[in-house]
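Visitor: Take this structure first; my questions come after.
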Amino acid sequence: MTHPSFERMLAVASALGSSAATVRGVAKFLRGDKRAKAAIRAAIAPTGRDYRESWESRVANRKADPEAKRCRKDAKFRKGYLARLRRREVAAMRYDSATLDGIFSRVDSGPQRIAELAEVARLRTIATGKPHKQLPLPPCHDGVLVTGFDASLARKHGAKINMAGKDATLQACRDKSWGHHAEAYTIWDKKGRPRGQRAEHDNYVRSLAVIVEPATVDYVFHETRRRVTLPAGYVWEIDVNGLRAVDATSRRDDYHPSAAELLRKDAAAYLVAKINANRARRQEIAAKLAVEAAAVQGVYVCLADSIRAGNCRQGTLSFGQRHGLDPERHYSAPELLEIANGDASRVRLAVTAARLRHEREMATGVCELSDHRA
């Protein structure tokens, strides 16, 4: 690399017929040639701001990355320098996946992290003299995307949503809320007549939940944050359908909340009520199925069946006393379910025990009186 002034003088000397190639030779020729001053003034070689900036950039490139270039000759220094590059690489990929802020710092700084990984790969290439590929930034899948929201809810919380036309979509995302809105285009029929316009509007709203403790979840919708802590006996879990509140005792009774439900001021109490309501509904349906099967089989239930099903004797007697039932008699399953009034699960257990007894009796052809005495 040569200085632009010498390049300019060398070009002048060459244009005047000189074969000099060194600074001393070019200077001697120009001093002895009368045409040199006019030729230099005519600026045969490129001059001006662009050439000066080009020279400055070449000098900057030559002086850039001195430590990386030092590695080519200093093996001891190279070992420590490459270790520093590795630490920069690890730092670019590190983030806290247990908090919302940690996940957002990873997602929002993605372009900067990718640029840092590219810079590390470039410096490693200079230091080792071998080409090194940039490490890819792993995608972030932490946290649970919560859907179940509409455009009105998103607008209420400050998100800019465009749902014009049937091609508009609304989705949850980890990134900051954003949208891709294409220009409208005309729809033409086969005869070349316009039939209207269409435009694609893809709306993305940040809707992410992170379980920070078994009973506590942090949730953000666009820029609105909520912390929902369930009462004792209930926990948060993740399944294939997303975030769910679970009864810690049964592990079966659960509820998958929507964005609007997590944003409620009474979210915890509301979700627990939903879990209990769903449990009662499932128990009622199961009891109806058991009763229908028993009715088809002609099964009648007695006090002994209820006790065999796991219901306590005193509780069963109290139930019968409240409804005027005789502990010495048998009753049809539909009749018992009709008066259950909140005890459908216990009635189902008694009916199931009666069906098992009935099937055993039908299979053997023998009725044991002990099976009908509590």
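The values are calculated or read from the model by the stated rules, or taken from the named source; none is laboratory data. Note that the coordinates shown come from a computational prediction; the quantities given were computed from them, not determined experimentally. Neighbour counts run over all protein chains shown; Cβ positions are idealised from the backbone, glycine included. Heavy atoms of the whole protein, side chains included, go into the accessibility calculation; ligands, DNA and RNA do not. Shrake-Rupley method; radii C 1.70, N 1.55, O 1.52, S 1.80 Å.
Visitor: Quick one: of the DSSP bridges fully inside the range 144-246, what percent are antiparallel, nearest 5?
Guide: 85
Visitor: Using a Förster distance of 25 Å, how high is the FRET efficiency between Ala260 and Lys160, based on the Cβ-Cβ distance and rounded to 0.05?
Guide: E(calc), rounded to 0.05, equals 0.85.
Visitor: What part of the accessible area of the range 68-156, given as a whole %, is carbon or sulfur when the probe is 1.4 angstrom?
Guide: Of all accessible area on the range 68-156, carbon and sulfur atoms account for 57 percent.
Visitor: Also: Probe 1.4 Å, all protein chains in place: accessible area of Ser152 in Å², nearest 10?
Guide: Rounded to the nearest 10, that gives 70 Å².
Visitor: If you don't mind, another one. Please compute the contact order of the range 53-203 in relative form: average sequence separation of alpha-carbon pairs under 8 Å and at least six residues apart, divided by the residue count, as a percent.
Guide: Values: 161 pairs, mean separation 26.4, N = 151.
Normalised by residue count, the contact order of the range 53-203 is 17 percent.
Visitor: Rounded if a/c is under 1.5, else prolate if a/b beats b/c, else oblate: with a ≥ b ≥ c from the C-alpha gyration tensor eigenvalues square-rooted, which is the range 48-145?
Guide: Oblate, since a/c reaches 1.5 and b/c is not below a/b.
Visitor: At 0.36 nm per residue, and after removing the present C-alpha to C-alpha distance, how many nm does the segment from Ser318 to Asp189 gain when stretched out fully? Before the final figure, lay out each step's value.
Guide: Details: separation 129, 0.36 × 129 = 46.44 nm, distance 7.59 nm.
So the extension gain works out to 38.8 nm.
Visitor: Under 16 Å Cα-Cα from Lys76, which aspartates and glutamates qualify once same-chain neighbours fewer than 8 residues away are excluded?
Guide: Glu67
Visitor: Can you give the accessible area of Phe221, probe radius 1.4 Å, in Å² rounded to 10?
Guide: The accessible area of Phe221 comes to roughly 0 Å².
Visitor: Right, next: What accessible surface, in Å², does a 1.4 Å probe find on Arg226, ignoring ligands, DNA and RNA and rounding to the nearest 10?
Guide: Surface open to solvent at Arg226 totals about 90 Å².
Visitor: Looking only at the range 2-33, which residues have a backbone nitrogen under 16 Å from a spot 7 Å from the Cα of Ser57 in the C-beta direction?
Guide: Backbone N within reach: 4.
Visitor: For a 24 Å ceiling on Cα separation, which of these pairs sit above it: Lys156/Lys176; Lys63/Lys130; Lys166/Lys274?
Guide: Cα-Cα > 24 Å for Lys166/Lys274; rest within.
Visitor: Would you list Glu237, Glu213 from the most to the least accessible area, probe 1.4 Å?
Guide: Glu213, Glu237
Visitor: Restricting to DSSP loop positions (anything but H, G, I, E, B) with no more than 14 other Cβ atoms inside 10 Å of their own Cβ, which trypsin sites (Lys or Arg not before Pro) remain in the range 97-180?
Guide: On the way: sites: Arg106, Arg113, Arg122, Arg124, Lys133, Arg155, Lys156, Lys160, Lys166, Arg174, Lys176; in loops: Lys133, Lys160, Lys166, Arg174, Lys176.
Here the sparse-neighbourhood loop sites are Lys133, Lys160, Lys166, Lys176.
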